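Participant: Structure below; questions to follow.
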Amino acid sequence: MNVAIIKYNAGNIFSVDYALRRLGVTPVITADPETLMKADKVIFPGQGEAATTMRYLRERNMDRLIRELRQPVLGICIGMQLMCRHSEEGDVDCLGIFDTDVRRFRPQRHEEKVPHMGWNTLLDTRGPLFQGFGPEEFAYFVHSFYVPMNEHTAARTDYILSYSSALQKDNFYATQFHPEKSGKVGERILTNFLNL
């Protein structure tokens, strides 16, 4: 299987590469448009800041390229947030694949720390990414911004409020949490994605 990881100015790309290799898949890390268009599956991972990253993608026409991909695409963490319409992080317009905005967590109580960091529950999971899942599975999160519940929500997590921990629309899938850092649960999600 030909799996491509989008190479851009974001962290965490190599941990996704390593997670896929553990599953027996050797991905290619690339920014080459032709390679990305021809891949069987594309992963858009990362950790970073929304406005800086969107500027980087636009300068290289990668924003248009990502929107035009027709094979299964998986966005992870900042990858998911950049697939949305707009982000409060840097007040920037994003890719607009998911018709929803990204908002900053606003703690209401002292114990509500931002960033939301650590293990939390995936609730109300639906769609092929979560095939074989029980009612409550745990995944690993690190984020200060969130995507509200919306028509594309494929999983919900509660922290300060209920928000979308996964999205799906057409061939685009996305997780706010890090499958590559989520143990057996993350492996199952990556396997389900590879099996699409």
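The values are calculated or read from the model by the stated rules, or taken from the named source; none is laboratory data. The model shown is predicted, which means the values in this text are computed figures rather than measured ones. Note: ideal-geometry Cβ built from the backbone for every residue, glycine included; neighbour counts use all protein chains shown. Please note that ligands, DNA and RNA were not included when accessible areas were found on the heavy atoms of the full protein model with its side chains. Shrake-Rupley method; radii C 1.70, N 1.55, O 1.52, S 1.80 Å.
Participant: Which residues' amide hydrogens lie under 5 Å from the amide hydrogen of residue 137, considering only partners 5 or more residues apart or on another chain, with H built in the peptide plane?
Facilitator: 122
Participant: Work out Dmax and Rg for region 92-180 from the C-alpha atoms and quote the Rg first, both in angstrom.
Facilitator: Taking only Cα atoms of region 92-180, I get Rg and Dmax of 12.9, 40 Å.
Participant: Which value in deg cm²/dmol, rounded to the nearest 500, describes the helix-derived mean residue ellipticity at 222 nm for the chain, given -39,500 (n - 2.57) per DSSP H run of n ≥ 4 and division by the residue count?
Facilitator: Taken over the chain, the calculation gives -7000 deg cm²/dmol.
Participant: For region 1-112, how big is Rg over Rh, using alpha carbon atoms and the Kirkwood form of Rh?
Facilitator: That ratio is 1.01, to two decimals.
Participant: Follow-up question, since we're still on this one. Report relative contact order for region 1-139 in percent, whole number only (criteria: Cα-Cα under 8 Å, sequence separation at least 6).
Facilitator: With pairs under 8 Å counted, the relative contact order is 18 percent.
Participant: Let me ask something else about it. Could you work out which residue, out of 104, 70, 22, moves most in a Gaussian network model of the chain, that is, has the largest mean-square fluctuation with Cα springs under 10 Å?
Facilitator: 22
Participant: So if R0 is 35 Å, what FRET efficiency would residue 191 and residue 91 give, r being the distance between their Cβ atoms, rounded to the nearest 0.05?
Facilitator: It comes to 0.40.
Participant: For the chain, which whole-number percentage of the solvent-accessible area (1.4 Å probe, protein heavy atoms only) is attributable to carbon and sulfur atoms?
Facilitator: Carbon plus sulfur share of accessible area: 48 percent.
Participant: Sticking with this structure for a sec: Please compute the per residue accessible area over the chain with all protein chains in place, 1.4 Å probe, rounded to a whole number of Å².
Facilitator: Accessible surface, normalised per residue, equals 44 Å².
Participant: Per residue, how big is the convex hull of the chain when only Cα atoms are used? Give it in Å³.
Facilitator: 102 Å³
Participant: Leaving ligands, DNA and RNA out of it, rank 124, 158, 17 by accessible area with a 1.4 Å probe, largest first.
Facilitator: Final ranking, largest accessible area leading: 124, 158, 17.
Participant: Moving to a separate point now. Report the extension gain between residue 106 and residue 71 in nm, rounded to one decimal, defined as 0.36 nm multiplied by the number of residues separating them, less their alpha carbon distance.
Facilitator: 9.0 nm
Participant: Could I ask something else about it? Apply the Karplus curve 6.51 cos²θ - 1.76 cosθ + 1.60, θ = phi - 60°, to the phi angles in region 133-138 and return the couplings in whole Hz, x for Gly and Pro.
Facilitator: Using θ = phi - 60°, the values come out as 8, x, x, 9, 10, 10 Hz.
Participant: Quote to one decimal, in nm, the extra length available between residue 158 and residue 35 on full extension: 0.36 nm per residue of separation minus the C-alpha distance between them.
Facilitator: 40.5 nm
Participant: Ok, one more. Need the C-alpha centroid separation for region 21-90 versus region 110-159, integer Å.
Facilitator: A separation of 20 Å, based on Cα centres.
Participant: Also, I was wondering about something else. For region 63-134, what does the convex hull of the Cα positions come to per residue, in cubic angstrom?
Facilitator: 133 Å³
Participant: I need the phi-derived Karplus couplings for region 113-130: 6.51 cos²θ - 1.76 cosθ + 1.60, θ = phi - 60°, integer Hz, Gly and Pro marked x.
Facilitator: 8, 10, x, 6, 9, x, 7, 8, 8, 9, 10, 6, 5, 8, x, x, 5, 10
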